1. Which whole-angstrom value gives the distance between the alpha carbon centres of the stretch 79-148 and the stretch 360-389?
2. Tell me, what is the percent relative contact order of the stretch 40-148, built from C-alpha pairs under 8 Å that lie six or more residues apart?
3. So what J values fall out for the stretch 536-552 if you push phi through Karplus, 6.51 cos²θ - 1.76 cosθ + 1.60 with θ = phi - 60°, rounded to Hz, Gly and Pro as x?
4. Express in Å², to the nearest 10, the accessible area of M87 obtained by rolling a 1.4 Å probe over the protein heavy atoms while all chains stay in place.
5. Search the structure for amide H atoms under 5 Å from the amide H of V72, placed 1.01 Å from N in the peptide plane, and list their residues when 5 or more places away or on another chain.
6. Contact order normalised by length for the stretch 322-382, with contacts defined as Cα pairs under 8 Å and 6 or more residues apart; what percent is it?
7. Tell me the net charge near D314. Cut-off is 11 Å between Cβ atoms, D314 excluded, with +1 for each Lys or Arg and -1 for each Asp or Glu.
8. Run the numbers on the chain and let me know its relative contact order in percent, using alpha-carbon pairs under 8 Å that are six or more apart.
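The values are calculated or read from the model by the stated rules, or taken from the named source; none is laboratory data. Because the structure is predicted, anything quoted here is derived from the model rather than measured. Glycine also receives a Cβ, built like all others from the backbone with ideal geometry; neighbour counts cover every protein chain displayed. When the accessible area is computed, the model is the full protein with side chains, heavy atoms only, and any ligands, DNA or RNA have been set aside. Shrake-Rupley method; radii C 1.70, N 1.55, O 1.52, S 1.80 Å.
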Amino acid sequence: MSTLRRRPTMAAATAVLLVSGVAASVVAGTSAQAAGQLDNPYTGASVYVNPEWAANATADGGAAIAGQPTFVWMDHMGAITGDGGRMGLAAHLDDAIAKGNNLVQVVIYDLPNRDCAALASNGEIPSGGLTTYETQFIDPIVSILKTPKYANLRVVTVIEPDSLPNLETNADQQATATEACRKAKSTGEYIQGVGYALAKLGALPNVYNYIDAGHHGWLGWDTNFNAFGQIAHQAATANGASVNDVAGFITNTANYSPLGEPNFKVTDSVNGTSVRQSKWVDWNNYVDERTFASALRDMLASAGFNAGIGMLIDTSRDGWGGTARPTGPGPMTSVDAYVNGGRVDRRPHAGDWCNQNGAGIGERPKAVGAGGIDAYVWVKPPGESDGDSHDQMCDPAYPGNAQNGNNPTNALPGAPKAGQWFSAEFRMLVQNAYPPIGSDNGTPTPTPSDSTSSSPTPSPSTTTGARSCSAAYAIQNDWGTGFTAGVTVRNNGASTIGGWRVTWTFGGNQKITNSWSATVGQSGAAVTATNAGWNGSLGAGATTQFGFQGTNSGSNTAPTLTCTAS
């Protein structure tokens, strides 16, 4: 889940004022407000917009949301001073002051043996490196933040995403456990590292620490819920820290769980069967982040944290809008049909976390101040990849494991390394935003991945009036009995097309088993693929990509494709 920063392509000088849950522009140059210890740091805050993210968003058709505030990630030691031409922490703080902001959001993310249950975002400090973490990562950050000129800035930190939840669910003898997480637990480095970060940052009067608390699909079961509170309290009282160093907790960091499921509740039943017994809910006590965060806050208070702690929810990618969003409940024929037909979260499993196909931007950042929720925030900058296929959970062809109930990963193909800009994903997120972004945003057009292992075979184009498209087929991986392939669709016309259809006939016995970013059907050797809801509209010269996995034996040559535009 790392978000290593990408070099900016342009500058942006926008801020957002969060007052009573309403976002409004702030004119640069407004003087920063005095920063004191507030019950909710987001109340009346002018929140800093990261110009590096804003530049990427604007360049990829997201100008309408480029003024939204996202977190700045301190995810490796070089990020503190800035490396590769990117802004360091002090540069962001100086920029915030220059723009008249009074709140900067920062992720603290570089524990030894980081992200022990994943491969995409493993950190730079190996196990045994606690002293390195303390002296070369946390201490330099604290040294910058305590500079007198930053005293009037409110600094909201998210402390070590995934770390403490991993200790609860992946560090013992569970089917989901990993040796790396077991080591993280046995060495105590997560507990001691989080405690040190809380203690040092919490000593600064203008810093508000929020500990990561996973999401409802991670900790919502009885076996995990209360146990996490004990682990969190242990970390918050370790290595010099106290619960007074904790302003609150955050859920759904860099994840996709919706704020609410409007078409069903966890208390519903179908023909006497509770929805908790459905395959999707799987006996979880929660089906959304709002109810989970509220219940978590109450549990944490009973676990020893201050009763006044606040909650944040990351809504950067939990919108699930677009044409696939259900408009009402599912049929009452069975509990699974009812849940699956009505849920807005369209993942195959709530354990899927990498570059999720069909996701959309969620609620815009804003102060909430009700029900114990301090704010909705964008911790994960939309458009930054969760990881590439070297992590199996980021590979669209991987069939899954215990962590996602042995379900398809639902990951978009062609993703770059964690934290790098993923243009196709960003445009999809904009297209599927819920609430919708608005017509003034223009029509997003995903760009293709270029990560193919064979040269694409172009198709003939077809013309309907001024509308024309072509498609190129490339085999990405072939292991003899199976393969994955990608198809790049290009608008060859001079005007925008509203949709496309690609057809071909296999020359061998290939059978498609699953697909992504298109609706793909096969009858015998004949295949038809039509655009998904988010990638049908293509501007002149624009491209998009879909892919699939199949089985085969013998010949597996690329077929001739025909593309039809509409």
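1. 19
2. 25
3. In residue order, the calculated couplings are x, 7, 10, x, 4, x, 7, 10, 8, 9, 10, x, 7, 10, x, 10, 6 Hz.
4. Accessible surface of M87 is approximately 50 Å².
5. Q105, V106, V107
6. Relative CO of the stretch 322-382 lands at 20 percent.
7. Result for the local shell: -2.
8. 12
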